[in-house]
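Notes follow the structure.
The values are calculated or read from the model by the stated rules, or taken from the named source; none is laboratory data. Small disclaimer: the values here were computed from a predicted structure and weren't measured. All Cβ positions, even for glycine, are placed from backbone atoms using ideal geometry, and neighbour counts span all protein chains on display. Calculation scope for accessible area: heavy atoms of the full protein, side chains included, ligands and nucleic acids excluded. Shrake-Rupley method; radii C 1.70, N 1.55, O 1.52, S 1.80 Å.
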Amino acid sequence: MRVPATTVLATDANSSPWHFWTYFMDHRSDDLRYLWDHVYLSLLPVVVGLIISLPLGFIARRYRWSYPPIISITGLLYTIPSIALFVIVPPLFGLKSLDPKQVPIALTIYSVALLVRVVADGLASVSEETLLAASAMGFGRMRRLLSVELPIAAPVIAAGLRVATVSNVSLVAVAGTIGMDNLGRLFDEGIQLSTPTPYYPPIVLGIVLCVLLALAFDGIIVLGTRLLTPWRRVAR
Amino acid sequence: MIRFESVTKRYPDGTVAVDSLDIEAPSGEITVFVGPSGCGKTTSLRMINRMIEPTSGRIFLDDRDTAKVKPSELRRGIGYVIQHSGLFPHRTVVDNVATVPFLLRQDKKKARAHALELLERVGLPAAFADRYPAQLSGGQQQRVGVARALAADPPIMLMDEPFSAVDPVVREQLQNEFLRLQGELGKTIAFVTHDIDEAIKLGDRVAVMRVGGKLAQFATPAELLSRPADAFVAGFVGRDRGYRALGFAEAGALSLSGEKAVALGEPLRTAADQADEGWVLVVDGERKPQGWLAVGGLDDGALSGEVTPDLLNLGGTLAPESGTLREALDAALSSPSGRGVIVHDDGTFAGTVGASHVLERIEHRAAGVRKQALDDAGAEAAASGRTA
């Protein structure tokens, strides 16, 4: 593992939490790399998770008997502590420890846990009359799903995507503590630099960047949903 | 024409929803399926476009066996209107209307232009085109539903309680406009309702069904009222049958009495001079009746002003000249002066008629009907006597 360059600075630099900006400017290239890793590690699992959840959620909705088992099993996945999941993924998927695929796979599992339910519930939010009318007008099953059911389910699914994305931003950071590159590394460095006296700047920087990232993702999803569902904004 | 040939729908649990139904809904007419819940009327309707597959029997559209047409193709050629409109909440009104043309891959621009025409046709201003269904009232959504069903100009329309979920005033408006529209379009319509009054008002023919999916009677509304096939139909058709049947009897040429009407704005004193037994009919500038004025109740001091709308009694209904005996009788019975107001087809005043005169007409007509019924019964008895 690289020795953080800050070790030298730690003694003379101001250790006040408010000096995170100075810390950032001093370690710009590392920090930007962490940020980028954090971005893709947060987003990729949500995208893959959604792709896996769409058929699962569709099945849970289409065959009513399958809803309880599918929802409880995927829901249970979310109760596995994240650190344990990161550790157990490599043997389960035949990867080496600290394989770059380890974190995205674990987070995809969490995303599926969150998204299967919202896909099923989103599809269930389409009224019976709408489905009946669509079939009666000659929509085939696939066409009805793509051009009627999914667009109407979109707001519910988008709400689930917000939760999954924001929760991923914080879960990725946990992976930093087992040595994967992302904003979580800043917490690791902060802890290492805190002996003998506490040294806060990297920790505060990590928190600030995580919060900003989560806010940015959330904003983008909200904005995208608003643009895609103009019908939701009309007065009722 | 929609023809059911001994169509049965039996569910796996053994319930029979429709029991060997034989019916022919003629082209260009409204055939209403009516009955209590569980009588299989909606199931019958949905078997026409194969939303439900019959267990046995066949359904023909003209001479085409529906079982031999691909369901989605079949459905694109059949308009469908349901109770809560079933509009797509994520599409604008105009795109909702153009749904089937879009499915048929017609030119989008043309389809939208046609959709706008249809909106106007069902009584919605073009300003509604770009709104979403959630911005419309229930009655307006129902109109869009009808426009959507008409969009691809299908010869056949299926309507499943389309007017049941709106309030009575709007329902009546929609029913009247639907009849006007049908008068212009002449579609072959299968219409489901649980409301016998709606069935009698809208149907050219009415199929009364009973629980268990059996056809109880298939007849014109007038026949249904005057000769219910059995106790179930009689009970279902309900009270006031005699009175309601008058709604199918044309009044013919009633002998009208003249009436010295006054116009709005004329002095009350003139009105008092014209009054007959204390009441005078008030019309507007175009001689359209506005209401009755009770001059008998006004003393000399109150007669100084002029005739204004707020003085009028609006209790009386108007009967059109070409209307039914029921309308004429109702006009007479509801009129505060006892003189029923008859209007020309353009709405202008034609004359008045008393209840006793209408009753004479009714009695005269009933005598004819009774004689006919006796002759029929005699012929039937003779026929069965021969076969026995």
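Taking B:Ala245, B:Ala231, B:Ala147 in turn, the Gaussian network model of chain B (Cα-Cα springs below 10 Å) assigns the largest fluctuation to B:Ala231. Per residue, the convex hull spanned by the Cα atoms of the range B:10-63 measures out at 90 cubic angstrom. Summing charges over neighbours of A:Pro100, with a neighbour being any other residue whose Cβ is under 14 Å away from its Cβ, gives 0 when K and R count +1 and D and E count -1. Checking every one of the trypsin sites (Lys or Arg not before Pro) in the range B:81-166 against DSSP loop status and a limit of 14 other Cβ atoms within 10 Å picks out B:Arg105. Each principal axis of the Cα cloud of the range B:217-261 was taken in turn, and the coordinate range along them, longest first, works out to 50, 18, 11 Å.
Here the spin labels are modelled as points 7 Å beyond Cα on the Cα-Cβ line, and at B:Glu117 and B:Ala134 they lie 3.3 nm apart. Annotation for the range A:85-167: trypsin sites (Lys or Arg not before Pro) lying in DSSP loop with at most 11 further Cβ atoms inside 10 Å of their Cβ are A:Lys96.
Note on the range B:262-388: Cα convex hull, mean projected area over all directions, 9.6 nm². Residue separation times 0.36 nm, minus the C-alpha to C-alpha distance between B:Arg269 and B:Leu181: what's the value? Roughly 27.0 nm would be gained on extension.
In the range B:100-115, the residues whose accessible area drops by at least 40 square angstrom when the other protein chains are added to the isolated chain are B:Leu103; the probe is 1.4 Å and only protein heavy atoms count. When the inverse distances between all different Cα atoms of the range A:25-116 are averaged and flipped, the Kirkwood radius reads 14.6 angstrom. Each principal axis of the Cα atoms in chain A has its own extent, and those three values, largest first, are 76, 45, 23 angstrom. For chain B, the equivalent ellipsoid derived from the Cα gyration tensor has semi-axes of 45, 32, 16 Å, listed largest first. Accessible area per residue was computed with a 1.4 Å probe on protein heavy atoms; B:Asp345 scores about 110 Å².
The share of alpha-carbon pairs in the range B:303-361 lying farther apart than 14 Å comes to 54%. Normalised by 2.2 N^0.38 Å, where N is the number of residues, the C-alpha radius of gyration of the range A:132-176 stands at 1.81. At an R0 of 41 angstrom, the distance between the Cβ atoms of B:Arg58 and A:Glu128 translates into a FRET efficiency of 0.90. Carbon and sulfur: what percent of the protein assembly as shown's accessible surface (1.4 Å probe)? It is 59 percent, rounded to a whole number. Restricting attention to chain B, close to 60% of DSSP beta bridges with both partner residues there are antiparallel. Per residue, the protein assembly as shown exposes 48 Å² of accessible surface when a 1.4 Å probe is rolled over the protein heavy atoms with every protein chain present. Apply the a/c threshold of 1.5 to the C-alpha gyration tensor of the range B:114-199 and tell me whether it is rounded, prolate or oblate. Verdict is oblate for the range B:114-199.
Label-to-label distance for B:Asp284 and B:Arg239 is 3.6 nm, based on points extended 7 Å past Cα in the beta-carbon direction. Computed from the C-beta positions of B:Asp230 and B:Asp345 and an R0 of 25 Å, the FRET efficiency is 0.05 to the nearest 0.05. Only lysines eight or more places from B:Lys110 in sequence, or on another chain, were considered; those with a Cα closer than 29 Å are B:Lys70, B:Lys187. Do any residues of the range A:202-236 show a loss of at least 10 square angstrom of accessible area between the isolated chain and the full protein assembly, using a 1.4 Å probe, and if so which? Going by heavy-atom accessible area, the residues of the range A:202-236 that drop by at least 10 Å² are A:Pro230, A:Trp231, A:Val234, A:Ala235, A:Arg236. Quotient of the Cα radius of gyration of the range B:206-303 and 2.2 N^0.38 Å, N being its number of residues: 1.88. Relative contact order of the range B:315-388, taken over Cα pairs closer than 8 Å and 6 or more residues apart, is 22 percent.
Label sites at B:Asp195 and A:Ile178, each approximated as a point 7 angstrom past Cα along Cα to Cβ, lie 6.5 nm apart.
Residues within the reach of a label modelled at B:Asp107 (point 7 angstrom out along Cα to beta-carbon, backbone nitrogen below 18 Å), restricted to the range B:138-176, are B:152-153.
Largest accessible area first, the residues B:His194, A:His38, B:His114 order themselves as B:His194, B:His114, A:His38 under a 1.4 Å probe with ligands, DNA and RNA left out.
Spherically averaged projected area of the convex hull of Cα atoms, the range B:60-217: 10.3 nm².
Heavy atoms of chains A and B lose about 2000 Å² of accessible surface on contact, summed over both sides with a 1.4 Å probe. Kirkwood-type hydrodynamic radius, the range B:19-144: 16.7 Å, calculated from all non-identical alpha-carbon pairs. Net charge in the neighbourhood of A:Asn182 (other residues with Cβ under 10 Å of its Cβ; Lys, Arg +1, Asp, Glu -1) is 0.
The coefficient of translational diffusion for the protein assembly as shown, derived via Stokes-Einstein from the alpha carbon Kirkwood radius under 4 °C and 1.567 mPa s, stands at 42 µm²/s. Compute the Cα gyration tensor for the range B:128-271, then decide on rounded, prolate or oblate, letting a ≥ b ≥ c be the square roots of its eigenvalues: rounded whenever a/c is under 1.5, prolate when a/b is larger than b/c in the other cases, and oblate in all that remain. Taking the square roots of the gyration eigenvalues as a ≥ b ≥ c, the range B:128-271 is oblate.
In the range B:43-109, the convex hull through the Cα atoms has an average projected area of 5.8 nm², a quarter of its surface area. Once you reduce the range B:198-225 and the range A:29-87 to the center of their Cα atoms, the two points are 57 Å from each other. Relative to the dominant Cα principal axis of chain A, helix A:102-124 is inclined by about 30°.
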